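Data first, discussion second: the structure below is written as structure tokens.
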Amino acid sequence: NWDELLECEMIPFKRGISKGAKLIMTAHVSVPEVTFSELPSTLSRVMLTEKLRGELGFEGVIVTDAIEMGAITKQFSVEEAAVMAVQAGADLITLPNDFKAAIAAIEAAVQAGDITTQRIDESVARILDLKRSILESRGLLIK
């Protein structure tokens, strides 16, 4: 359950967030006692938006583990997984086995109203903030 996760598995995440982590990668594990579903955490709005962003206060970029992994592809098409990951709160999708299909599916979901442009804008803003932070830390930001 969530309390047990907080006491063990979530410790490095909580610590990273408190120390200013700018990027967190999801796992494809299912936690049905937390999410009330068998969805992999990568595709779970409960885990990414409600728990990671809401309860733990993470404001940085959420990147999926490889979408081409069996935990995803045995259950979902690349198109379904890409859309579900964005809807769940992921900002970057790693290694879809067909990136053109994943992009097309996300674009179609935006056109259909299944993903809002505001949701896309939130991810873009976080990604740009991460890039800006990296450039600043290396003294490469030109103002």
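Can you work out which of the residues in the stretch 64-74 that are touching a residue at least 24 places away in the same chain (Cβ under 8 Å) and in a loop (DSSP other than H, G, I, E, B) is nearest to R53 (Cα to Cα)? So, considering only residues that are touching a residue at least 24 places away in the same chain (Cβ under 8 Å) and in a loop (DSSP other than H, G, I, E, B), the one nearest to R53 (Cα to Cα) is T64.
Scanning for something open to solvent by less than 40 Å² (accessible area, probe 1.4 Å), part of a helix (DSSP H, G or I) and not acidic (D, E), does the stretch 89-100 turn up at least one residue? No, the conditions are met nowhere in the stretch 89-100. Taking the options I106, I115, name whichever one is crowded, with 16+ Cβ neighbours inside 10 Å, part of a loop (DSSP other than H, G, I, E, B) and aliphatic (A, V, I, L, M). On inspection, the qualifying residue turns out to be I115.
Do you know which residues across the stretch 91-143 are among the small types (G, A, S), more than 19 Å from A81 (Cβ to Cβ) and in contact (Cβ under 8 Å) with a residue 24 or more places away in the chain? Correct list: S133 only. The set of residues in the stretch 14-30 being open to solvent by less than 70 Å² (accessible area, probe 1.4 Å), in contact with a strand residue (DSSP E or B) (Cβ under 9 Å, 6 or more places away or on another chain) and not aliphatic (A, V, I, L, M) consists of G16, T26, H28, S30. Counting the residues of the stretch 118-143 that are more than 19 Å from R53 (Cα to Cα) and either within 15 Å of the chain's Cα centre (by Cα) or open to solvent by 50 Å² or more (accessible area, probe 1.4 Å) (or both) gives 12. In the set L52, L39, L6, only one residue is of a type outside the set (D, E) and farther than 26 Å from V78 by Cβ; that residue is L6.
Quick one: in the stretch 44-83, of everything that is over 19 Å from R126 (Cα atoms) and of a type in the set (A, V, I, L, M), which residue is most open to solvent (accessible area, probe 1.4 Å)? Going through the qualifying residues, I end up with M69.
A81 falls short on exactly one of the conditions (1) within 17 Å of the chain's Cα centre (by Cα); (2) at pLDDT 95 or above; (3) not in a helix (DSSP H, G or I), and that condition is (3). Filtered by the rule that a residue be under 21 Å from I11 (Cβ atoms), in contact with a strand residue (DSSP E or B) (Cβ under 7 Å, 6 or more places away or on another chain) and not β-branched (V, I, T), the stretch 53-81 gives F58, G60, D65.
The values are calculated or read from the model by the stated rules, or taken from the named source; none is laboratory data. Computed from a prediction, not measured in an experiment: that's the story for all the values here. When we count neighbours, we look across all protein chains shown, and the Cβ atoms used for this are built from the backbone with ideal geometry, even at glycine. Keep in mind that these areas ignore ligands, DNA and RNA; they rest on the heavy atoms of the full protein, side chains included. Shrake-Rupley method; radii C 1.70, N 1.55, O 1.52, S 1.80 Å.
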